[in-house]
Amino acid sequence: MLRYNNISIKRRLILIQSATAFVSVLLCCIIFLINDIKLFKESIARKINSVIQIVGDNSVSPLLFMDKEAENKILLNLEKVPDIKDAIVLDKTGTVFARYTRAGAEVFLLPEISRENTFSEFSGRKLLVTYKIFQEKEFLGTIILRAELTDLNKIISNYILVA
């Protein structure tokens, strides 16, 4: 504390202003980062929800006619969405009807299925989405998709670099 007392008022003011500016910029960077992460998660959730609804609509016929081969072909189209790592289609009894796992992805265990028609849940850098398939009012099955948020690392590293 003696050193601070020996500093001139001019230097003290400069030090205080610099510290205040540094803290302000740091807080702004943290707020912007948190906001961008939130917006990114909302965006990826909307994207994956759209994909799962399309897959669900296309899965009505295979589930009605118990055509596992047709369902597997539908799930193979998920290869075009790089964020999706796994997909499982369950029939109305809850038995695995078809499964897709991207090459190199770890196989995940079946989660507890929500009662909601569509359910999304973030866990770290993973997103789990479930979607119940109906034809008119008849329940046919459930689709479960797991996506990894690989671009989230890019967002965080870019903010750290800018900060």
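Read-outs throughout are calculated quantities, based only on the coordinates presented, and are distinct from any laboratory measurement. Since we're looking at a predicted model, the values are computed, not measured. Virtual Cβ from ideal backbone geometry, glycine too; neighbours counted across all protein chains shown.
Worth a mention:
- By the rule of a C-alpha distance below 14 Å, with chain neighbours fewer than 8 residues away ignored, the aspartates and glutamates paired with Lys132 are Asp57, Asp91, Glu112, Glu116.
- Using a cutoff of 8 angstrom between alpha carbon atoms and counting only pairs six or more residues apart, the relative contact order for the range 10-163 works out to 25 percent.
- Placing one equal scatterer on every Cα of the range 1-149 and applying the Debye formula, the log10 ratio I(q)/I(0) at q = 0.09, 0.17, 0.21 Å⁻¹ is -0.42, -0.93, -1.27.
- When the C-alpha to C-alpha distance is required to be over 27 Å, the pairs from Lys47/Lys154; Lys80/Lys154; Lys68/Lys154; Lys41/Lys137 that qualify are Lys68/Lys154; Lys41/Lys137.
- Span from the the range 1-37 Cα centroid across to the the range 120-141 one, whole angstrom: 48
- Descending by average beta-carbon neighbour count within 10 Å, the peptides 83-92, 67-76, 144-153, 32-41 line up as 83-92, 144-153, 67-76, 32-41, the highest first.
- Cross-link partners of Lys38 among aspartates and glutamates (Cα-Cα below 16 Å; sequence separation of 8 or more within a chain): Glu121, Glu148, Asp151
- Each Cα pair under 8 Å and six or more residues apart adds its separation to the average, and for the range 122-162 the resulting relative contact order is 36 percent.
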